[in-house]
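Novice: Can you keep this structure in mind? I'll have questions shortly.
The values are calculated or read from the model by the stated rules, or taken from the named source; none is laboratory data. Quantities reported herein were computed from a predicted structural model and do not represent experimental measurements. Cβ sites come from the backbone with ideal geometry, for glycine too, and all protein chains shown count toward neighbours. Just so you know, the surface numbers come from the protein's heavy atoms only, side chains and all, with ligands and any DNA or RNA stripped out. Shrake-Rupley method; radii C 1.70, N 1.55, O 1.52, S 1.80 Å.
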Amino acid sequence: MTIIKAPRGTNDVLPSDSYKWRYVEAVADRTAARAGYKEIRFPTFEETELFTRGVGDTTDIVQKEMYTFEDKGGRSMTLRPEGTASAVRLSLENGLLAGALPLKLYYKINVFRYDKPQAGRYREFNQIGMELYGAKSPFSDAELISMAELFLKNLGIDGIILKINSIGCPKCRADYQNALREYFTQHISELCDTCKDRLQRNPMRILDCKSPQDIQLAKNAPKITDYLCEECREHYSAVKEALDSVGTAYEEDSGLVRGLDYYTKTVFEFIDVNTSLAVAAGGRYDGLIEELGGKPTPGIGFACGVERLFPLIPAFGSDISPDIYIASMGPVAAKAAFDTAVALRKNGVNVETDLMDRSVKAQMKYADKTCARFTCVIGDDELASGTADLRNMSDGTAKKIKISDISELTAILKNEVHICD
Ligand code: HAM
């Protein structure tokens, strides 16, 4: 019988790699705590309307990439293609916006987009995102950008450039949309079919279409920065000033519009210079909370693509490899090894021991594979003397330990910092 494979564009996390995920998630937890962002969790699927209304029905995400299905009750549901709309829904439904503001949230989620799978582009991928509600100050834009920057720095990631832009508010957007309509109408025959439809409904979406012809046309299109109203221009200047004052380097990119409809004013992307892929991206969305049924409340946030971060992380923290592997020879020793393992685990030590009735040689091979930091072998001699050699696997040195002295063994093992190469 043939083996069923994972769906195209999805990834398994194997035992040898899962510690990398825990590491990235732990760094996210630590980074979020620096500025008081608290974790939320929300459903993998939501009513489809949340995304058509929130993300926008002329976006690529909604028009081409959503996993939408009818449930057995005939309701249209969608696997979340991002987290911002759900975070707003969660906050509104649970009255969080009626509490102390600003509200600062973060999440670690898998998301689903029916995209064309290629390097760094998947159909199921993971995002770590932070969102802030209730603050319109340019310092809140700078805070979110600096939180994304801090997260990347805490992961040891280099070689990233920050691109920023302002895409204005509905007030300045009206004139801009007209200018775009005029420009693209002259090239209507060259537009892809989706963009012909967007021309009337939302010409700004043509600017982030992935069709090569439309990308070419977008290069000479009018720029939003020439249409910003005074308030938006001032806000943008203040954001740049705040970034300058904390030494955050950025490049202004007047072509950066982002692919989701909810953005207003500041938008930004952290780009990997080697692949040109965005590893994190976000922006302000002052109309989204109202659009989803709340009181007018400003919002801003970003999300990182976790799979895109992995190749850029120079060193992952320690994994859960055993602090000690206890090998045994014969059934009596196996019982002593098992008893010692269970007792040490209760003391917070990572321990593995043989469960397969293997030879000592095979057990040591397994210990090596699991990157055990220490090993000890219990056989007849050790049982008779009550002592064994505790061997440090990185330098081969050994010291005698009393098998039954669990406290001493715990102290020795806990004294060592466990690092797996
Ligand atoms: P986004 O730009 O669509 O924004 O996605 C955020 C990040 O997810 C991207 O910068 C990228 O790293 C990663 N990403 C996107 N698509 C893929 C894919 N197919 N495969 C792998 N990684 C991918 C949002 O989702 C917004 N919700 C961000 C936000 C939060 N804005 C405000 N708050």
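Novice: Using DSSP to call loops (not H, G, I, E or B), can you name the trypsin sites (Lys or Arg not before Pro) in the range 190-226 whose Cβ has at most 10 other Cβ atoms within 10 angstrom?
Specialist: Taking the range 190-226 and a limit of 10 other Cβ atoms within 10 Å, the loop trypsin sites (Lys or Arg not before Pro) found are Lys219.
Novice: For a paramagnetic label modelled at 7 Å from the Cα of Met393 toward its Cβ, which residues of the range 1-34 fall within the zone defined by backbone nitrogen distances under 18 Å?
Specialist: 15-20
Novice: Could you work out how far the C-alpha centroid of the range 150-196 sits from that of the range 15-80, in angstrom?
Specialist: If you average the Cα positions of each part, the centres end up 23 Å apart.
Novice: Given Lys153/Lys219; Lys104/Lys223; Lys369/Lys402; Lys20/Lys210; Lys38/Lys346; Lys38/Lys295, which pairs have Cα atoms separated by over 29 Å?
Specialist: Lys153/Lys219; Lys104/Lys223; Lys20/Lys210; Lys38/Lys346
Novice: How much net charge surrounds Glu46 when only the other residues with a Cβ under 9 Å from the Cβ of Glu46 are counted, with Lys and Arg +1 and Asp and Glu -1?
Specialist: Taking every other residue near Glu46 into account, the sum is 0.
Novice: Could I ask something else about it? Let me see the pair-distance distribution of the chain: every alpha carbon pair, 20 Å bin width, integer percents in order.
Specialist: Binned Cα distances yield the sequence 22, 44, 23, 10, 1.
Novice: Further question on the same structure: How large is the direction-averaged shadow of the alpha-carbon convex hull of the range 240-327, in nm²?
Specialist: Average projection, Cα convex hull of the range 240-327: 10.6 nm².
Novice: How much length, in nm to one decimal, is gained on full extension between Tyr366 and Leu150, taken as 0.36 nm per residue of separation minus their Cα-Cα distance?
Specialist: Full-extension gain reported as 73.9 nm.
Novice: Then there's this: Any chance you could run the full-extension gain for Thr44 through Ile4? It's 0.36 nm times the residue separation minus the Cα-Cα distance, nm to one decimal.
Specialist: Difference between extended and current length: 12.0 nm.
Novice: How much of the accessible area of the range 170-228, probe 1.4 Å, is carbon plus sulfur, in whole percent?
Specialist: 49
Novice: Here's another thing I want to ask about it. When the accessible area of the range 1-44 is computed with all protein chains present and a 1.4 Å probe, what percentage of it is carbon and sulfur?
Specialist: On the range 1-44, the fraction of accessible area on carbon and sulfur atoms equals 55 percent.
Novice: In a GNM of the chain with a 10 Å cut-off on Cα contacts, which of Val27, Val349, Val239 has the highest mean-square fluctuation?
Specialist: It is Val349.
Novice: Within the range 304-344, whose backbone N sits under 19 Å from a point 7 Å along Cα→Cβ of Asp380?
Specialist: So the set is 327-337.
Novice: Follow-up question, since we're still on this one. Give me the percent of the accessible area of the range 55-128 that comes from carbon and sulfur atoms, probe 1.4 Å, all protein chains in place.
Specialist: 48
Novice: A further question follows. What residues have an amide H closer than 5 Å to that of Phe374, excluding those fewer than 5 places away on the same chain, when H is modeled at 1.01 Å from N in the peptide plane?
Specialist: Here the answer is Ile324, Tyr325, Met393, since their amide H atoms fall under 5 Å of that of Phe374.
Novice: At what distance in angstrom do the alpha carbon centres of the range 116-132 and the range 291-335 lie from each other?
Specialist: 16
Novice: Just to be sure I understand the model, the point goes 7 Å from the Cα along the line to the Cβ. What's the resulting Glu190 to Cys229 distance in nm?
Specialist: Modelled inter-label distance: 3.3 nm.
Novice: Which residues' amide hydrogens lie under 5 Å from the amide hydrogen of Thr266, considering only partners 5 or more residues apart or on another chain, with H built in the peptide plane?
Specialist: Distant-sequence amide H within range of Thr266: Ile167, Arg284.
Novice: Another question about this same structure. Extension gain Leu101-Glu124, at 0.36 nm per residue separation less the Cα-Cα distance, in nm?
Specialist: Going from the current span to full extension adds 5.0 nm.
Novice: So, one more: Per residue, how many Å² of accessible area does the range 313-421 show with a 1.4 Å probe?
Specialist: Accessible area per residue, the range 313-421: 57 Å².
Novice: Test of understanding: in a Gaussian network model of the chain with alpha carbons linked when under 10 Å, which of Thr58, Thr68, Thr84 would top the mean-square fluctuation ranking?
Specialist: Between Thr58, Thr68, Thr84, it is Thr68 that shows the largest mean-square fluctuation.
Novice: At 1.4 Å probe size, with every protein chain present, just tell me what the per residue accessible area of the range 170-228 comes to in Å².
Specialist: Result: 54 Å² of accessible area for each residue.
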